[in-house]
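Worksheet: the structure to be examined is printed underneath.
Rule-based calculations on the coordinates, nothing more; no lab input. Everything numeric here is computed off the predicted structure, so don't read it as measured data. All Cβ positions, even for glycine, are placed from backbone atoms using ideal geometry, and neighbour counts span all protein chains on display.
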């Protein structure tokens, strides 16, 4: 499975890293590594992610040890990472 990133997802990863790195650069590296490792694991079994009740094509998985959720789509042989969001944040509003 080929992993692709939406621009928003790339920005999310960098924003998460930058925010944590202000206080603890080592922790920021660990969180970023955990996010990327979770994406790699999810790509090996993309259909195990939790389906979204409103948008059934959308799936998500939790990052091990950290409160982040990765939202993605599976399209053929591609896994498109759409968004990475902290679990304490309010859910996105969908029209």
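Structural remarks
- Percent RCO, i.e. relative contact order, over the chain, from Cα pairs under 8 Å lying at least 6 residues apart: 31 percent
- Computed from label points 7 Å out along Cα-Cβ, the spacing between residue 7 and residue 36 is 2.3 nm.
- Between 22, 51, 40, the Gaussian network model of the chain with springs among Cα atoms under 10 angstrom shows the greatest mean-square fluctuation at 22.
- Where only DSSP H runs of four or more residues are counted, the chain gives -12500 deg cm²/dmol as its mean residue ellipticity at 222 nm, each run worth -39500 (n - 2.57).
- Rg in Å to one decimal, and Dmax rounded to a whole Å, for region 2-86 via C-alpha atoms: 12.7, 40
- The chain: most fluctuating residue of 81, 20, 35 per GNM, C-alpha cutoff 10 Å: 20
- Bridges between two residues of region 2-86, per DSSP, are antiparallel at a rate of about 80%.
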